[in-house]
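The values are calculated or read from the model by the stated rules, or taken from the named source; none is laboratory data. Quick caveat: nothing in here was measured; it's all calculated off a predicted structure. Because the Cβ atoms are built from the backbone with ideal geometry, glycine has one as well, and the counts that use them run over all protein chains shown. SASA here: full protein model, heavy atoms, side chains in, ligands and nucleic acids out. Shrake-Rupley method; radii C 1.70, N 1.55, O 1.52, S 1.80 Å.
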Amino acid sequence: LQNILKLFYFPLLLTVIDPKDIKINYMDLVKIAIIYLVFISVPTILGLEFNSYTQGKTGSVGWFNSGNEISAILSILTPFLIYYLFTKHNIFNKLFLIILMGYTYFIIGSKIIIISLIVSLIFNIVLYFKNNKVDKHKLIIYLGVFLLLIFMGVILIPKTNFSHNLIIHLIYLGINSFQDIFSYNFINR
């Protein structure tokens, strides 16, 4: 079953593409990303998922085969998902997508997808403020939402597979504290 699912990565991508007109816009990529997110989160919620790792680290890849492959695919699609969140669409669709992304990205257990999420967020925030004039009232609302997300992240991230795997990786590298990362001995290895 695992090998059959692996065969359908590419056909899954083709489900949102019209064969007569192979022009892909960002909404097609958003739909593809949502399909991937659903095929990771739903099996995990139902307890039917495959594990990302065999030893030590934890994570879920839904019905896919490799955490690294899925992380790479979703990392490529993440900027399009973030861009979708900054466009004018239904607020309930956006809220559903934020919850689905947050849940899925942190259960995979990969560091790359989180880095992609952070870089995509920063890039899209800069683009949004560059292209749109924002009055003080909206700026205060955006700042409040941003601070709420940071607060929720500080509370929830230590409970995720991502955090667990990061700690295991730091122990493997012999890093005992955050300051060790920036020490001369660590950089000079």
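Size descriptors for region 12-140: radius of gyration and Dmax over Cα atoms are 16.1, 51 Å. Each peptide in 24-35, 92-103 gets a packing score, the mean of other Cβ atoms within 10 Å over its residues, and the list from highest to lowest is 24-35, 92-103. Thr58 contributes about 50 Å² of solvent-accessible surface, heavy atoms of the protein only, 1.4 Å probe. Packing around the peptides 74-83, 110-119, 154-163, taken as the average count of other Cβ atoms within 10 Å per residue, puts them in this order, highest first: 74-83, 110-119, 154-163.
With a simple spin-label model that places each label point 7 Å from the Cα along the Cα-to-Cβ direction, the separation between Ser66 and Ile141 comes to 4.4 nm. Note that region 72-161 presents 68 Å² accessible area per residue, ligands and nucleic acids not counted, probe 1.4 Å. Take 36-48, 120-132 and order them by the average number of nearby Cβ atoms within 10 Å per residue, most first; the result is 36-48, 120-132.
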